[in-house]
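The values are calculated or read from the model by the stated rules, or taken from the named source; none is laboratory data. If you're wondering where the values come from, they're calculated on a predicted model, not measured in any experiment. Glycine also receives a Cβ, built like all others from the backbone with ideal geometry; neighbour counts cover every protein chain displayed.
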Amino acid sequence: MEEMLKQILLKLDKMETNAEQFQEEVRQRLDQVDKRFAQMDERFAQIDERFSQIDERFANLEARLDHLESEMAEVKERLGHLESDMVEVKQRLEQVEGKIGKVKEAVFPQEPQVADDVYALLKNIHKKIEEKGFEIYALNKRLLHVEGAIEQIQSQT
């Protein structure tokens, strides 16, 4: 009987040793899990910080876009005024060309020297009209370029 008790005690000692080893392994694993959770918490804190930075950038971007939209509205208004001014200049040029035609008709039947003087004067006027025509052409090109830029910006938003 004593022999059996010794065997039972031996087995209990082995079980106790195994249980202690198991507890130690569980503690080590739990420590590893705790470290992993701490690392995950750090990563989540970094991610939260990045999200707040992104939110801040989006707010800045939105403010800049609002400012750009207001500037674009102002440019569009200015272009409208420029277009009306261009129409007015074009009408004036057409009136001047009509008057020049009338002047030519009135002047050419007169004496040759007066006709030459008038012709030189008309040629000078024509040259000035051409210069204005180039200015109008340049303004039309600028207007076209600005309208293209406006359309491009509007299509992006």
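Any idea which of Glu16, Glu3 is in a helix (DSSP H, G or I), exposed (fewer than 10 other Cβ atoms within 10 Å of the Cβ) and free of Cβ contacts under 8 Å to residues at least 60 places away in the same chain? Going through Glu16, Glu3 in turn, the sole match is Glu3. Selection of first residues in the stretch 76-103 that are closer than 18 Å to Ala138 by Cβ and touching a residue at least 24 places away in the same chain (Cβ under 8 Å) and of second residues that are surrounded by 13 or more Cβ atoms within 10 Å (Cβ to Cβ) and β-branched (Val, Ile, Thr), restricted to Cβ pairs under 7 Å at least 6 apart or on distinct chains, gives the following pairs, ordered by first then second residue: Leu79/Val146; Met86/Ile136; Val89/Ile136; Lys90/Ile136; Leu93/Ile129. For the stretch 80-101, give me each residue that is touching a Leu at 6+ places or on another chain (Cβ under 7 Å) and loosely packed, with under 11 Cβ neighbours inside 10 Å. None - no residue of the stretch 80-101 is touching a Leu at 6+ places or on another chain (Cβ under 7 Å) and loosely packed, with under 11 Cβ neighbours inside 10 Å, so the list stays empty.
Condition check ((1) at pLDDT 85 or above; (2) over 30 Å from Met72 (Cβ atoms); (3) surrounded by 13 or more Cβ atoms within 10 Å (Cβ to Cβ)) across all residues:
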{"site": "Leu122", "(1), (2), (3)": "yes, yes, yes"}
{"site": "Phe134", "(1), (2), (3)": "no, no, no"}
{"site": "Leu139", "(1), (2), (3)": "no, no, yes"}
{"site": "Leu143", "(1), (2), (3)": "no, no, yes"}
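Against the test of being within 35 Å of the chain's Cα centre (by Cα) and assigned to a helix (DSSP H, G or I), the options Phe58, Phe37 yield a single qualifying residue, Phe58. Within the stretch 83-94, can one find any residue that is in a helix (DSSP H, G or I) and touching an Asp or Glu at 6+ places or on another chain (Cβ under 8 Å)? Checked the stretch 83-94: no residue is in a helix (DSSP H, G or I) and touching an Asp or Glu at 6+ places or on another chain (Cβ under 8 Å). Across the stretch 99-111, not a single residue is classified as at pLDDT below 80, outside any helix (DSSP H, G or I) and within 30 Å of His81 (Cβ to Cβ).
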